[in-house]
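Heads up: the structure comes next, in structure tokens.
The values are calculated or read from the model by the stated rules, or taken from the named source; none is laboratory data. Model, not experiment: these values are computed from the prediction. Cβ: placed from backbone, ideal geometry, glycine included. Neighbour counts: every protein chain shown.
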């Protein structure tokens, strides 16, 4: 019923992007970004290049797309995937210290990256530095504190969510903090859109949330006993299933 092995990181990102909720929120982010032909668009934390193609089509052949990631394997994969797109450049770099000059891009995006970085405020400051006046940054981040997994023993589900927010994800509440952090970095924030996918199929949810893997780690960390983790998972696999988490799309303008 549950996926026990940790999936390949690139395969996982592609899997999320291919789901209905993934396609929907990514399209919403692209619409909010408002990319125009001829723009220079920046993908901060581009990973293996999952979204570079959509940006390249939006800027057209007259524009430019720059993908930046700190991971060499991700950069290599993104370069391979975009090799036939002459308007895409992928660079190795840190979102805390972007290898770009001031005011050189028109549009920037970051998608589920700031939840993992050391210093989101510094990363936002760098994004503002490289954006031209009037430029736009669109961010999509979950607030893992909103994660709900229905179970007759609500305390077990609370323990699961507490593990995720306290230990599993570095900046677990970043989604609901983004508007404030962007304003503190000097952006105006004209829009915040909550997106809440609801999972009714346990296998689909497990493909995104890694329910058993995460529950096992939560038990190892003392949030569950082994018995309560098993009882929690058994009900999820046998009973009616519902889970939800809210992702915030935040629009910021320089």
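Annotation for segment 107-124: no member residue is out of contact with any helix residue (DSSP H, G or I) (no Cβ under 8 Å at 6 or more places or on another chain), over 22 Å from residue 246 (Cβ atoms), touching a residue at least 24 places away in the same chain (Cβ under 8 Å) and buried (at least 20 other Cβ atoms within 10 Å of the Cβ). Annotation for segment 179-196: at least one member residue is in a helix (DSSP H, G or I), touching a residue at least 12 places away in the same chain (Cβ under 8 Å), closer than 20 Å to residue 26 by Cα and out of contact with any helix residue (DSSP H, G or I) (no Cβ under 9 Å at 6 or more places or on another chain). Whether a residue is modelled with pLDDT of 95 or more and exposed (fewer than 13 other Cβ atoms within 10 Å of the Cβ) was assessed, and residue 192 does not pass this test.
One residue stands out among those in segment 69-82 that are out of contact with any helix residue (DSSP H, G or I) (no Cβ under 8 Å at 6 or more places or on another chain) and within 13 Å of residue 50 (Cα to Cα): the one that is surrounded by the fewest Cβ atoms within 10 Å (Cβ to Cβ), which is 80. Candidates are the residues of segment 211-238 that are surrounded by fewer than 21 Cβ atoms within 10 Å (Cβ to Cβ), in contact (Cβ under 8 Å) with a residue 60 or more places away in the chain and over 13 Å from residue 159 (Cβ atoms); the one that is farthest from the chain's Cα centre (by Cα) is 235. Does residue 156 count as closer than 24 Å to residue 9 by Cα and touching a residue at least 40 places away in the same chain (Cβ under 8 Å)? The answer is no for residue 156.
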